[in-house]
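Everything below concerns the one structure shown next.
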Amino acid sequence: MNERLVSSAEGLSVKDDEENEVVWIEAARENPAAFEPLYVRYRTRLYRYLRTRLTSDEDAADVTHQVFLIALDALPKYQQCGLPFAAWLFRIAHHTVININRRQRSVVSWDALPDTLQPLDDQNPESLALHQEALMQLRMWLAKLKADQRELLALRFAAELTVPQIAAVVGKKPEATKKQLSRLLQSYKELRSHAY
């Protein structure tokens, strides 16, 4: 793969990246080896999202690769009209996880996201204890949510998707998705304000 294309996938601004995404998609349609910039752009976000939905790092890594293979195979059918590539890719991931969970019937805790994806600076013991307490509160709050609510939060924060992209993935209107996310975040803010 051309190193210039890969480095551009990592180093461009979001606007430049979105403009180049169309070029990358067309190039990948003609030559599957040209899919690499798209892979580089989305691999970390896709892995983080899948890690919140699966029971182990290895499963998340395996399914990440599986989703990219499905996407590469389906790329000739992808149409840009109305559904951004990110939403299309995460919709594939969403449905892949649903299919896996139907077969396995497993429940994954939100805290399955590895600590390495929640980096901490060197902190004093008091700050570290406060951080751990806040994480414990967050985990307890997340455990009380419905699966579809946790899904919205995973798509927003682990996958870093926009509200319209999340709406496209879950099949809801952007306004309804934004409202539900706002309510969830307000609920968490209220919980945090009562804790202190």
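Values in this text are rule-based calculations from the coordinates and carry no lab data. Values in this document were obtained by computation on a predicted structure and should not be read as measured data. Glycine gets a Cβ as well: all are built from the backbone with ideal geometry, and neighbour counts include every protein chain shown.
Based on a Kirkwood Rh over C-alpha pairs, give the Stokes-Einstein translational diffusion coefficient of the stretch 123-196 at 25 °C and viscosity 0.890 mPa s in µm²/s. Can you show the working numbers first?
Working: Rh = 13.5 Å.
The Stokes-Einstein estimate is 182 µm²/s.
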The stretch 19-78: C-alpha gyration tensor shape, a/c 1.5 cut-off, then a/b vs b/c: prolate
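Full extension from Glu133 to Ala176: what is 0.36 nm times the residue separation minus their Cα-Cα distance, to one decimal in nm?
Result for the pair: 12.3 nm of gain on full extension.
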Gain in span if fully extended, Leu185 to Asn101, counting 0.36 nm per residue against the direct Cα distance: 27.6 nm
Span from the the stretch 15-86 Cα centroid across to the the stretch 125-189 one, whole angstrom: 23
Of Gly171, Met140, Ala129, farthest towards positive along the dipole that unit charges on Lys, Arg, Asp, Glu beta carbons give the stretch 123-196: Gly171
20 Å reach of a label modelled at Phe157, 7 Å along Cα-to-Cβ, counting backbone N of the stretch 17-59: 44-57
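Report the FRET efficiency, 1/(1 + (r/R0)^6), for Lys146 and Tyr78, where r is their Cβ-Cβ distance and R0 is 35 Å, rounded to 0.05.
Numbers: r = 31 Å, r/R0 = 0.88.
E(calc), rounded to 0.05, equals 0.70.
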